[in-house]
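First up is the structure itself, then whatever we jot down about it.
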Amino acid sequence: METSRSEYSNGIPSRKLIPKPNEPSAKEPELQTVESRNWLLHRHFTRKEFGICKILIQEELERTRGKHEYANYIQGLILRQEGKIQESLDCFQMCHSLDLKNVDYIKQVARSLFLMGLHSLALEAYLEAQQASKVPDWDIYHNLGECWICLGDYTKAKESLRQAVQLGHHEHSYVALADTYKMEGEIQAAIDIYKAALEITFRAAPDSAQLATSLGLLYLQEGKYQHALEKLGGALARDPQCARALLAAGAMMQNHSDYDVALSKYKIAAQSWPESPALWNNVGMCFYGKKKYVAALSCLKRAHYLSALDWDILFNLGLVHMATQQYASAFHFLSAATNLRPAHAGTFLLLAITLRHLDDPDNAAEAFKQAGLLSPMDASIPLNYAVFLESQGDLDGAALQLERFQELAQMSPRLSSELVQTATQLSKVLNRRLMSSNGSKVEGVDGNDKSNMAIEVEAQVRVRNPPVDSSPESLPRNHMADDEV
């Protein structure tokens with residue numbers, strides 16, 4: 001082997017081997033491909049190791065001058081999970097600019113636009129993805145339906161969601177389609193959708209109790225209590241910790257004044273759904289039914305903290321404050337409830353009684369009149385108004401309202417015994433005062449007793465069920481107030 005000599009800086013000779021002519025030269029370094037570390041990004045992302053994932057993404061973007069598709073894609077997903085929707089949109093738009101034909105990139109752009117509330121732009125993006133997709137995609141049709149719902153076009157929403165159901169048979173598509181029918185007031189059609197969903201998805205997910213719970217709530221809304229109990233019982237048999245089913249079952253028990261059983265249901269539901277306003281509202285009204293007003297106020301205040309604009313909670317807070325004779329606080333909450341739902345007669349009735357205790361007879365009279373206009377067939381309103389007018393010395397007006405109550409009582413055979421007893425006592429008082437020359441008030445009829453009796457009557461209608469499309473496992477879309485018992 002031939003050698004050549006050279007010297008280091010210190011003069012010591014070194015030997016350097018000279019390769020033979022037929023010996024292959026050293027291997028040249030290979031250039032690293034752009035996708036060489038995609039597997040590593042995917043692994044850390046699926047493990048939710050976002051810190052390491054961000055470091056790798058930054059290195060890849062610096063190496064490719066921001067042109068790395070997969071790094072931008074993963075970064076957009078991470079940013080969206082962190083709530084940075086605009087930044088995630090920029091990442092997905094970069095991915096789309098690098099590959100205009102990739103349907104997934106278009107879908108992610110549309111999703112970010114939808115989360116930003118730009119439903120029209122999101123709809124256009126999903127339509128573009130539908131045209132670019134070579135095969136029908138249930139996810140695109142599902143999101144098209146969601147966009148049409150937000151834009152108020154329920155007809156097109158149902159068409160898109162039906163396509164999604166036929167293509168995918170996914171639970172979310174069934175729920176969205178049933179909600180669309182429910183928003184249009186077609187409850188029976190929504191029930192049929194849930195029945196079909198239960199038949200199809202039971203084989204794939206027999207342990208899922210969400211569809212059965214939603215169907216039970218719809219039966220409950222329709223007044224079909226036996227069917228509701230069957231579905232809710234089936235849901236609890238599949239999942240004893242299902243918070244929505246527990247809350248609905250507890251509400252049914254509470255409406256039958258079985259407060260201890262209802263509280264036991266709520267106690268289990270609170271372990272998995274502690275931030276539910278409807279749960280704490282119902283717990284508070286259970287304590288109210290048991291005459292534990294301090295505990296009731298504590299629970300209702302927590303419900304009010306979780307949902308400050310919930311009309312039911314404001315109504316109940318006014319109710320309990322009236323029971324504890326805190327009329328200024330009651331006026332505060334009832335006024336807020338009136339502003340949120342100005343067409344509810346019961347709120348004006350309680351507001352009138354509160355104003356009477358606050359020595360404001362003029363506004364109390366106006367509230368009584370408004371309650372009568374909103375609910376002319378409610379017998380408790382003219383009776384309360386008659387008691388108020390009698391206490392103010394307006395005997396003719398009180399007699400007129402009492403006559404109105406008697407007319408309504410003949411058409412409503414299921415009146416409370418307390419209402420009938422109070423009407424009888426009031427009739428005797430009016431007859432005596434009209435015949436008496438000095439106009440003295442007869443003992444035994446106290447306006448405060450009548451007010452409290454009216455409170456008891458109204459307290460039974462403010463028990464809340466959970467919304468049909470809300471659960472601790474899925475983000476609530478809206479807190480519907482019409483799921484009352």
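Could you count how many residues in the stretch 218-276 are outside any helix (DSSP H, G or I), among the polar types (S, T, N, Q) and at pLDDT 90 or above?
1
Of the residues in the stretch 396-440, how many are buried (at least 16 other Cβ atoms within 10 Å of the Cβ) and touching a residue at least 24 places away in the same chain (Cβ under 8 Å)?
Qualifying residue count, the stretch 396-440: 16.
Regarding Phe114, is this residue in contact with a Gly (Cβ under 8 Å, 6 or more places away or on another chain) and either touching a residue at least 40 places away in the same chain (Cβ under 8 Å) or closer than 28 Å to Ser160 by Cβ (or both)?
Taking the combined requirement at face value, the residue does not satisfy it.
Quick one: count up the residues across the stretch 305-357 that are among the β-branched types (Val, Ile, Thr) and either open to solvent by 20 Å² or more (accessible area, probe 1.4 Å) or assigned to a loop (DSSP other than H, G, I, E, B) (or both).
1
Might you let me know whether the stretch 151-172 holds any residue that is farther than 20 Å from Ala189 by Cα and loosely packed, with under 15 Cβ neighbours inside 10 Å?
yes
Here is a yes/no grid of residues against (1) surrounded by fewer than 18 Cβ atoms within 10 Å (Cβ to Cβ); (2) in contact with a strand residue (DSSP E or B) (Cβ under 7 Å, 6 or more places away or on another chain); (3) farther than 20 Å from Asn316 by Cβ:
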{"residue": "Glu230", "(1), (2), (3)": "yes, no, yes"}
{"residue": "Pro240", "(1), (2), (3)": "yes, no, yes"}
{"residue": "His256", "(1), (2), (3)": "yes, no, no"}
{"residue": "Lys265", "(1), (2), (3)": "no, no, no"}
{"residue": "Pro274", "(1), (2), (3)": "yes, no, no"}
{"residue": "Pro277", "(1), (2), (3)": "no, no, no"}
{"residue": "Trp280", "(1), (2), (3)": "no, no, no"}
{"residue": "Met285", "(1), (2), (3)": "no, no, no"}
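Residue by residue through the stretch 150-205, note down the ones that are in a helix (DSSP H, G or I) and among the acidic types (Asp, Glu).
Glu159, Glu171, Asp179, Asp192, Glu199
So which residues in the stretch 97-132 are assigned to a loop (DSSP other than H, G, I, E, B), over 32 Å from the mean Cα position of the chain (by Cα) and surrounded by fewer than 15 Cβ atoms within 10 Å (Cβ to Cβ), if there are any at all? Lay out the reasoning, then the answer.
Here is the first cut: in the stretch 97-132, the ones assigned to a loop (DSSP other than H, G, I, E, B) are 99-102, 116-118.
Still in the running and over 32 Å from the mean Cα position of the chain (by Cα): 99-102.
If the condition is that a residue be assigned to a loop (DSSP other than H, G, I, E, B), over 32 Å from the mean Cα position of the chain (by Cα) and surrounded by fewer than 15 Cβ atoms within 10 Å (Cβ to Cβ), then Asp99, Leu100, Lys101 are the ones that fit.
The values are calculated or read from the model by the stated rules, or taken from the named source; none is laboratory data. Predicted model, so just to flag it, every value in this text is computed and none were measured. Note: ideal-geometry Cβ built from the backbone for every residue, glycine included; neighbour counts use all protein chains shown. SASA here: full protein model, heavy atoms, side chains in, ligands and nucleic acids out. Shrake-Rupley method; radii C 1.70, N 1.55, O 1.52, S 1.80 Å.
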